[in-house]
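The values are calculated or read from the model by the stated rules, or taken from the named source; none is laboratory data. Bear in mind that the values here come from a model prediction, so they are computed numbers and not experimental data. Please note: Cβ atoms are built from the backbone with ideal geometry, for glycine as well, and neighbour counts cover all protein chains shown.
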Amino acid sequence: MARPYQKANIPGPEMGTSVSDPSVIANLLKTPKKKVLIIGAESLNWELGEKKVADYFIDIANKIDCHVVSTGHTYSYLKDKIELGKLYDMSLINITNRLCDKEWSGLNGEGQYSMAIFGGHLVFYVSQALSRIKNFTNWVKTVELDKYSHPNARFSLPNLSDEDWKLFLESLIEKL
């Protein structure tokens, strides 16, 4: 298991798993669970080669056919690249609160989500959102796709270099 990217991130007795095999994450994302992908503003700042990280997340969202929540200022970049009716705009705190509400009926009114996938967020910010979901729900499994190990996510990547992260995301997209 990878060490948490943040050294002081001590998650308690329940820790998530770092997954270094893209096939495992692909199989998780292909499950028939109701999923939402939450894309943060850092995905517009980070680039792998000549491609924005947001574009990798767009490819993933389109392959797994899920709802997408844009946080920060990502909506204007995503609006023409995500299918109509699948993209929503709200803050990370707002979607975290809703995911923790057992009575919430989802973005389309058809029920709560059973999987939340995160990517493109500042490490310390998303770590707190993942901690809240982990500690206050038992119905939402979390997957973190950024290049940092997050012990508060049920599944996250190990700490990766940019090159390894690029290869991981490309392989993941190919396997979906």
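List of remarks:
Every residue, every condition in (1) surrounded by fewer than 19 Cβ atoms within 10 Å (Cβ to Cβ); (2) in contact with a Leu (Cβ under 7 Å, 6 or more places away or on another chain); (3) over 23 Å from Leu169 (Cβ atoms); (4) modelled with pLDDT of 95 or more, yes or no:
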{"position": "Thr31", "(1), (2), (3), (4)": "yes, no, no, no"}
{"position": "Gly49", "(1), (2), (3), (4)": "yes, no, no, no"}
{"position": "Gly106", "(1), (2), (3), (4)": "yes, no, yes, yes"}
{"position": "Met115", "(1), (2), (3), (4)": "no, no, no, yes"}
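- Subset of region 144-167 that is under 15 Å from Ser43 (Cβ atoms) and not charged (D, E, K, R) - its residue that is farthest from the chain's Cα centre (by Cα): Trp165
- Within region 73-84, one or more residues are among the acidic types (Asp, Glu), over 12 Å from Val36 (Cα atoms) and free of Cβ contacts under 8 Å to residues at least 40 places away in the same chain.
- Taken together, Ala26, Ala61, Ala54 contain a single residue that is over 21 Å from Ile95 (Cβ atoms), touching a Leu at 6+ places or on another chain (Cβ under 7 Å) and not in a loop (DSSP other than H, G, I, E, B), which is Ala26.
- Flag: Asp101 matches the condition of being charged (D, E, K, R) and either in contact with a helix residue (DSSP H, G or I) (Cβ under 7 Å, 6 or more places away or on another chain) or in a loop (DSSP other than H, G, I, E, B) (or both).
- Counting the residues of region 52-73 that are over 23 Å from Lys30 (Cβ atoms) and surrounded by fewer than 23 Cβ atoms within 10 Å (Cβ to Cβ) gives 3.
- Scan region 137-158 for residues that are crowded, with 16+ Cβ neighbours inside 10 Å and touching a Lys or Arg at 6+ places or on another chain (Cβ under 8 Å) and the total you get is 10.
- Residue check, Ile95 part of a helix (DSSP H, G or I), in contact with a strand residue (DSSP E or B) (Cβ under 6 Å, 6 or more places away or on another chain) and closer than 14 Å to Val36 by Cβ: yes
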